[in-house]
Amino acid sequence: MKSSSQHPWSVGEVAERFELPTNVLRHWESVGLLQPDRDAAGRRRYGEDEIVRIAVIQRSKAAGMTLEQIAILLDDGRRGRHEVLFAHLADLDRRMEEMRLSKEMTEHAVQCSAHDITTCPQFRAGVDDVLAKF
């Protein structure tokens, strides 16, 4: 997919706006996630379509997706998009549950007045599932 010619930005401008090193944008291009246009001097020019793709890549990476998964997500011609997305949703659900448990444990730790936090029953309840493995 070629980028739109409206408002073409340089690699430096895009990197600055997205708070990314320029080499990250070049890497994403090398693995096929981006296809910026080139100006007459051969410099990369990122149009609105590429800007949207960068935002999707950045948000997807923040959510824990791999570049391979993101490539499947962005490539309308590849099969497996739904499988990747369903697997990612399951992973997000698992991670959200882990975060919920961690938050509960931290809240108990903040409220616990015990000198040794590991002796606090409410705090220990937060690690019972791990202790059950032993």
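Summary of values
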{"read-out": "Hey, residue 91 more than 27 Å from residue 35 (Cα to Cα) and surrounded by 13 or more Cβ atoms within 10 Å (Cβ to Cβ) or not", "value": "yes"}
{"read-out": "Elements of type helices (runs of 4 or more DSSP H) contained in the range 1-84, each with 1 or more residues being among the aliphatic types (A, V, I, L, M), under 27 Å from residue 96 (Cβ atoms) and touching a Gly at 6+ places or on another chain (Cβ under 6 Å)", "value": "67-74"}
{"read-out": "Residues within the range 102-116 that are of a type in the set (A, V, I, L, M, F, W, C) and surrounded by 14 or more Cβ atoms within 10 Å (Cβ to Cβ), tallied", "value": "3"}
{"read-out": "Identity of the residue in the range 85-134, of a type in the set (Val, Ile, Thr) and assigned to a helix (DSSP H, G or I), that ends up farthest from the chain's Cα centre (by Cα)", "value": "119"}
{"read-out": "Failed item in (1) modelled with pLDDT under 85; (2) surrounded by 12 or more Cβ atoms within 10 Å (Cβ to Cβ), with residue 121 passing the rest", "value": "(2)"}
{"read-out": "Residues being modelled with pLDDT of 95 or more and either more than 28 Å from residue 26 (Cβ to Cβ) or surrounded by fewer than 15 Cβ atoms within 10 Å (Cβ to Cβ) (or both) - total across the range 69-85", "value": "0"}
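The values are calculated or read from the model by the stated rules, or taken from the named source; none is laboratory data. Keep in mind that this is a model prediction, so the values were computed, not measured. Here Cβ is always computed from backbone atoms with ideal geometry, including for glycine, and neighbour counts include all displayed protein chains.
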